[in-house]
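For reference, the structure is listed below as structure tokens.
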Amino acid sequence: MVIVNWSGELDRIWPTLILSSAAAASGVQCKVFVTFWGLLPFVKDGVRVTGDGWMQKMLSIMQRPGIDHLKLSKMNFLGMGPWMMGTLRKQYQIASPRELLEACQALGVEFIPCQMSMDMFGLKREDLIDGMADPAGAATAIEIMTEANASLFI
Amino acid sequence: MVIVNWSGELDRIWPTLILSSAAAASGVQCKVFVTFWGLLPFVKDGVRVTGDGWMQKMLSIMQRPGIDHLKLSKMNFLGMGPWMMGTLRKQYQIASPRELLEACQALGVEFIPCQMSMDMFGLKREDLIDGMADPAGAATAIEIMTEANASLFI
Amino acid sequence: MVIVNWSGELDRIWPTLILSSAAAASGVQCKVFVTFWGLLPFVKDGVRVTGDGWMQKMLSIMQRPGIDHLKLSKMNFLGMGPWMMGTLRKQYQIASPRELLEACQALGVEFIPCQMSMDMFGLKREDLIDGMADPAGAATAIEIMTEANASLFI
């Protein structure tokens with residue numbers, strides 16, 4: 001199974017991580033191509049401003065990277081929406097994105113960062129979390145998708 | 001064919017229902033995994049405020065559930081966008097989401113609600129429309145997707 | 001490979017065109033079903049106001065069609081976001097949507113406009129760029145998807 005993880009939002013990274021951990025747990029090999037906004041949750045803790053030029057720096061300031069700083073695609077309300085989601089999540093014992101990401105990595109889900117998006121956002125390999133595969137391009141994405149039983153763009 | 005119906009917006013529920021009814025009408029078996037915001041259009045008429053705690057109640061008030069109360073993902077303009085879409089739709093004899101949903105159910109499209117999302121939004125089985133399959137989890141979604149010829153995340 | 005190109009936004013038309021050109025370049029046949037907002041980038045240069053009634057005209061005014069007038073799904077900031085993306089893109093020698101679209105057409109990617117969406121938006125065949133396939137409906141979308149190795153909804 002292949003997921004193209006394009007979005008960096010809380011309500012979309014959640015299905016990416018839930019589906020890929022569930023796939024891996026059921027013995028289905030799962031690869032996630034991490035591209036565009038989808039790269040931001042994969043930025044290391046503590047890395048705050050990324051890129052070289054002022055444009056890349058400004059993008060990273062306005063769209064704070066890191067798995068603990070995700071916004072909702074709607075009803076974000078300056079963070080109240082994600083806070084409510086987090087509270088409801090805990091109440092129903094649903095794993096957080098961070099916990100799901102750790103589960104995915106433990107279960108062998110392969111996360112492949114998109115080289116082109118890394119260039120555009122000014123992200124270097126060392127800005128991203130450990131354990132990801134080598135950066136690759138669209139040709140790799142095509143190859144793994146045409147070989148997979150199912151592919152999703154999230 | 002499998003569709004993961006994640007979004008509850010008018011402009012995304014439309015392709016979900018058009019594609020799944022067209023699939024079923026062409027003799028292609030179609031299953032729809034209904035998750036996250038995508039559950040809201042499947043809430044019964046007349047059910048207005050859902051959930052137990054104040055957070056779930058507040059979410060359901062701000063994001064009104066039900067197939068007749070859908071918003072556009074953009075150009076919503078406090079309801080003017082959806083009203084214009086509805087008027088243009090009638091002018092060109094295109095079916096409404098409600099009509100498409102009824103067609104889907106008559107043609108045997110299977111709608112599977114996501115248990116985890118129901119928990120988070122505080123939706124009970126009786127809050128959802130009749131005729132849906134039993135609630136299931138991510139493992140079921142993985143199973144039906146890897147068996148399908150095509151799968152889409154909408 | 002099949003892509004349902006539903007969105008007309010810069011950050012989503014980009015993966016559609018990058019993936020379909022990469023597929024075609026790797027010898028993978030690629031068909032793109034162009035529907036809903038996704039039709040707008042395929043409107044010819046110079047076509048500004050489309051449709052017959054005032055509603056269709058108003059929609060085309062508020063959502064300017066054409067491949068050079070795309071917005072971002074977030075951080076648009078009245079055009080500053082897309083301008084920054086365009087500047088970063090050039091700096092890293094990444095192709096523009098217009099260049100990618102031309103590459104796709106040269107490589108034989110088939111773009112199939114959705115008849116129902118054309119009706120709703122008041123788009124006629126001559127409003128769309130040259131070289132697209134004949135308009136088709138959902139049944140065609142289902143047919144090409146169930147025959148494909150991979151299908152994405154972008």
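Among the residues here, A:GLY27 does not qualify as more than 8 Å from chain B (Cβ to nearest Cβ), among the small types (Gly, Ala, Ser) and closer than 16 Å to C:LYS74 by Cα.
Can you pull out every residue in the range A:34-81 that is in a loop (DSSP other than H, G, I, E, B) and either among the acidic types (Asp, Glu) or within 11 Å of chain C (Cβ to nearest Cβ) (or both)? Let's see the steps before the verdict.
From the range A:34-81, those in a loop (DSSP other than H, G, I, E, B) are A:35, A:44-53, A:63-76; that's our starting set.
A:THR35, A:ASP45, A:GLY51, A:ASP52, A:GLY53, A:GLN63, A:ASP68, A:LYS71, A:SER73, A:LYS74, A:ASN76, listed by residue number.
Taking A:SER73 as the residue in question, decide whether it is among the polar types (S, T, N, Q), surrounded by 23 or more Cβ atoms within 10 Å (Cβ to Cβ) and touching a Phe, Trp or Tyr at 6+ places or on another chain (Cβ under 9 Å). Quick ask: steps written out before the conclusion?
Details: among the polar types (S, T, N, Q): yes; surrounded by 23 or more Cβ atoms within 10 Å (Cβ to Cβ): no; touching a Phe, Trp or Tyr at 6+ places or on another chain (Cβ under 9 Å): yes.
For A:SER73, the condition - among the polar types (S, T, N, Q), surrounded by 23 or more Cβ atoms within 10 Å (Cβ to Cβ) and touching a Phe, Trp or Tyr at 6+ places or on another chain (Cβ under 9 Å) - is not met.
Scan C:GLY51, C:GLY81 and give me the residue that is under 21 Å from A:PHE121 (Cβ atoms), at pLDDT below 90 and in contact with a Leu (Cβ under 8 Å, 6 or more places away or on another chain).
Details: C:GLY51 fails: under 21 Å from A:PHE121 (Cβ atoms).
Answer to the check: C:GLY81.
For B:MET80, the test of being surrounded by fewer than 20 Cβ atoms within 10 Å (Cβ to Cβ) and touching a Phe, Trp or Tyr at 6+ places or on another chain (Cβ under 6 Å) is failed.
Six or more apart or on different chains, Cβ under 7 Å: which pairs go from a residue in the range C:67-94 that's closer than 21 Å to A:GLY8 by Cβ to one that's of a type in the set (Ser, Thr, Tyr)? Could you list them? As it stands, the answer is C:ARG89/C:SER96, since those pairs meet every condition given.
Scanning the range C:124-141 for residues that are within 11 Å of chain B (Cβ to nearest Cβ) and under 28 Å from A:PHE36 (Cα atoms) returns a single hit, C:ALA141. Considering only residues in the range B:102-123 that are in contact (Cβ under 8 Å) with a residue 24 or more places away in the chain and surrounded by fewer than 17 Cβ atoms within 10 Å (Cβ to Cβ), the one that is nearest to the other protein chains (Cβ to nearest Cβ) turns out to be B:LEU107.
I want to confirm something. Restricting to the range B:12-55 and keeping residues that are among the hydroxyl-bearing types (Ser, Thr, Tyr) and touching a residue at least 60 places away in the same chain (Cβ under 8 Å), which single residue is surrounded by the most Cβ atoms within 10 Å (Cβ to Cβ)?
Restricting attention to the range B:12-55, the residues satisfying the condition of being among the hydroxyl-bearing types (Ser, Thr, Tyr) are B:16, B:20-21, B:26, B:35, B:50.
Remaining after also requiring touching a residue at least 60 places away in the same chain (Cβ under 8 Å): B:16, B:20-21, B:35, B:50.
Working: B:THR16: 27, B:SER20: 30, B:SER21: 24, B:THR35: 25, B:THR50: 22.
Here the residue is B:SER20.
The values are calculated or read from the model by the stated rules, or taken from the named source; none is laboratory data. None of these values were measured; they are calculated from a predicted model. FYI the Cβ positions are ideal-geometry reconstructions off the backbone, even for glycines, and counts take in every protein chain you see.
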